[in-house]
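The values are calculated or read from the model by the stated rules, or taken from the named source; none is laboratory data. No experiment lies behind these values; they were computed from the predicted model shown. Backbone-built Cβ (ideal geometry, glycine too); neighbour counts: all protein chains shown. We work out accessible area using only protein heavy atoms, side chains counted, and drop any ligands, DNA or RNA first. Shrake-Rupley method; radii C 1.70, N 1.55, O 1.52, S 1.80 Å.
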Amino acid sequence: MSLINTEIYFCEVRLVLVLTILLGTLTLQAQLSTEKYVSLARADLEDQNFTLAIQRLNFAIKASPYNVEAYFLRAMAKHQLNDYQGAIMDYSHCIRLAPTSSAAYQNRGLSRAKSGDNAKAIEDFNRSIKIDPSNYFIYINKAYSQLQIKDYEGAIASCNRAISLNEYLESGYLFRGIGNAELKNLDLAILDYTNTLEINPKNDEAYLRRAIARNENLEFSLAIEDCDSAIAIDSTSSMGYFVKANIYAERLDYDRALTNYDKVIDLTPNNALAYFNRANVEVRQNEYTKAALDYRQVTKINPDNILGHFNLALTYHKLGKHELAIKSYDKTIELYPEMEDAWFNRAFAKKKIGDQEGAQFDYMKGNEIRGENQSKIFNVEDANLLKKKTHLDADFYRPNFNEEENQIAVYTIPVFEIKETDYKSVSNSNLKYNIKLLTTYNEGNANLPFFYLSNTLLQEDFIKPELRKTALNEALNGTNNELEKRNWLWKAVWLKSNFDYNNSIATYDSLIALYPDFSLAYFNKASTQFDLLELLLKLEAGSGSLIELGEDAKSAQLNDMQTLTVQLKGIEELYLKSLESSPDFYYAWFNIAIVRSELKEFNKSIDAYTKVIKINPDFAEAYYNRALTYLYIDNSKKACADFSKAGELGLSNAYEVMKMYCK
């Protein structure tokens, strides 16, 4: 989640509405009555008495049901009262009566734009232009709607036409600047905003938009000057202070950012966004108590705001107030049950208060939702969303990714790990990824317990941890070396399943010290460390701060890329170590490929997936993940070939992706 929201809403186009009046033949009495009410209604509109105007026009229409001007003026009044659908109906009636009225099409387009139907609005503007191609206001209206649907190039073209008809058109330069800014043509955007200000030096929006563009263009001092100019024009407007605060926050000048957010809140006490951004800055300053108060204020102003409740929960988490954190996670899940992070983080909080069973349930539920979310995403047909997917560099959820970036974590088949269950409880899902290495090991230990390979997408039955603990304690009394080896592995797997990552890793260390050639120990220690790293980054992502690796805070902070790289390299080395005694253990190569993708070593990642496929040519997941990696490096030809193979081998999601990338 980005710390700063720098959005400024598009200004409303304020135009003088013009009508070419087309009068039919009326009876003298009806004509006099109609003209009287229409004349009075015009005066009401000028006085902004829109309700009374509508009442008078109702009488006019009753007296003369084919009077175009009466419908037109009533539509105007309805538009001003935000009755956009009513306005659209009246303008449509005008068009039926006078199909060559450019103004009726133009104004119906405005009402449609205000109601959110910008596509139909543009159709109306195009019809209006055909009738009156020299009216520059129509082009500006069209540009406004094009900006709303993110047709920035089209908006720029419309503005160019409007400016060619009127070189002093203030809104033409402003809207063209918005289009250029969205296309990251920052120098052109700044020039357009400057032209706007030359025409109207009191246009505070132009100053603020130029401030944002200059900030993105690394002209920090000039950006602040523009904010101050906007504030000087209207010191009662909170927008200038808000943009100024955002710029300071992006530049890590948190004290000045807070001063300006304070001013925003003084001017607009119910501005939830200002509280939210101020809380994010306070988190960065480790002022968690203040941040919690601000996030609470966000939830009071907008009770259904998911991010407010979620960030409040994370802040309570940081303060060690785990019961309060759980309540906020409860609310988040109530509002948005599909939010997997809320389930995972609530599991952590429940573990802290000793609710092991509740924590286990939430963890399993989080994994279940993660799989469901993946399926939903693959069914989305939006090409832009799918294009974003290929730009993701990792399997982790990071707090500071731009919207244009993506996270392969959401889309790739995740790492595999070894789990355990009671032999009598084995289901088909536990056998899905069975391999000879594990089968031999299980048979050698009488399937007590039954070890199997799984990942977070595999749906499994929930078994109460107390039952497995009892079985484990009974087994730990064994004295045979092989049994001891089995029991060490069993204990490590069980500890991890109960979120005791540090003791699980320590148990693997003891097991490796006793049995240095035990490939399964190296493999699962690596998977445990990888899972821990991902969960910590998830918890870190929403809090605005950074936490330490391991619950006992014994490792270096994950506050720079170098530290993260060291952790991932260590995990990769463990997987490679597992291959020394079991070179055909292709799941290790699969996990290595994922780690290498996290390290942005994409060609090496592809090499690892290729090794998997060489060992097991029917492993669909390897083709699928390799295809995603090919997409990331813009090799769509090879990606599509791999998606095709993955689908052929039974991975149906591959076909969903092919529909969007392999045309």
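How many residues are under 25 Å from the mean Cα position of the chain (by Cα) and not small (G, A, S) if we restrict to region 597-619?
The total comes to 4.
Out of A639, A627, report the one residue that is in contact with a Lys or Arg (Cβ under 9 Å, 6 or more places away or on another chain), at pLDDT below 90 and surrounded by 15 or more Cβ atoms within 10 Å (Cβ to Cβ).
A639
Among the residues of region 200-220, is there at least one that is more than 27 Å from E287 (Cβ to Cβ), modelled with pLDDT under 90 and in a loop (DSSP other than H, G, I, E, B)?
No, there is no match, as no residue in region 200-220 is more than 27 Å from E287 (Cβ to Cβ), modelled with pLDDT under 90 and in a loop (DSSP other than H, G, I, E, B).
Return the pair list, or none, for Cβ contacts closer than 6 Å from residues in region 234-258 that are within 13 Å of N271 (Cβ to Cβ) and assigned to a helix (DSSP H, G or I) to residues that are among the charged types (D, E, K, R) and modelled with pLDDT of 90 or more, at least 6 apart or on different chains.
Cβ pairs passing all conditions: Y241/K263.
L197 passes all but one of (1) outside any helix (DSSP H, G or I); (2) over 24 Å from N135 (Cβ atoms); which number fails?
Of everything listed in (1) outside any helix (DSSP H, G or I); (2) over 24 Å from N135 (Cβ atoms), L197 misses just condition (1).
Within region 319-329, count every residue that is within 16 Å of Y363 (Cβ to Cβ) and open to solvent by 30 Å² or more (accessible area, probe 1.4 Å).
Here the count works out to 1.
Go through N270, N215, N286 for me and flag whichever is surrounded by 17 or more Cβ atoms within 10 Å (Cβ to Cβ) and polar (S, T, N, Q).
None of the others qualify; the one that does is N215.
With respect to the numbered conditions (1) within 24 Å of the chain's Cα centre (by Cα); (2) over 30 Å from A230 (Cβ atoms); (3) crowded, with 17+ Cβ neighbours inside 10 Å, which one is the sole condition not fulfilled by Y275?
(2) is the only condition that Y275 fails.
Residue under question is K142, and the condition is that it be among the charged types (D, E, K, R) and not in a helix (DSSP H, G or I); does it hold?
It is false that K142 is among the charged types (D, E, K, R) and not in a helix (DSSP H, G or I).
Name the one entry in T100, T20, T51 that is surrounded by fewer than 17 Cβ atoms within 10 Å (Cβ to Cβ), modelled with pLDDT of 50 or more, outside any helix (DSSP H, G or I) and among the β-branched types (V, I, T).
T100
Select from region 526-576 the residues that are open to solvent by 20 Å² or more (accessible area, probe 1.4 Å), small (G, A, S) and at pLDDT 85 or above and list them in ascending order.
The answer is G570, and nothing else.
What pairs come out if I take residues in region 304-318 that are buried (at least 24 other Cβ atoms within 10 Å of the Cβ) and pair them with residues that are of a type in the set (F, W, Y) and assigned to a helix (DSSP H, G or I) whose C-beta lies under 7 Å away, six or more apart or interchain?
G308/F276; G308/Y295; N311/Y295; L312/Y295; A313/Y329; T315/Y288; T315/Y295
Taking the options I129, I178, name whichever one is surrounded by fewer than 24 Cβ atoms within 10 Å (Cβ to Cβ) and of a type in the set (A, V, I, L, M).
I129
Search region 69-92 for residues being surrounded by fewer than 23 Cβ atoms within 10 Å (Cβ to Cβ) and more than 21 Å from D47 (Cβ to Cβ), and hand back the single one that is farthest from the chain's Cα centre (by Cα).
Looking at the filtered set, the residue picked out is S92.
Taking the stated definitions as given, is F585 touching a Lys or Arg at 6+ places or on another chain (Cβ under 8 Å) and at pLDDT 90 or above?
no
Any residue in region 142-150 that is modelled with pLDDT of 90 or more, closer than 30 Å to V38 by Cα and open to solvent by less than 50 Å² (accessible area, probe 1.4 Å)?
yes
Just for helices (runs of 4 or more DSSP H) wholly inside region 340-434: which have at least 3 residues that are within 20 Å of Y661 (Cβ to Cβ) and at pLDDT below 80?
Those helices (runs of 4 or more DSSP H) span 356-378, 383-389.
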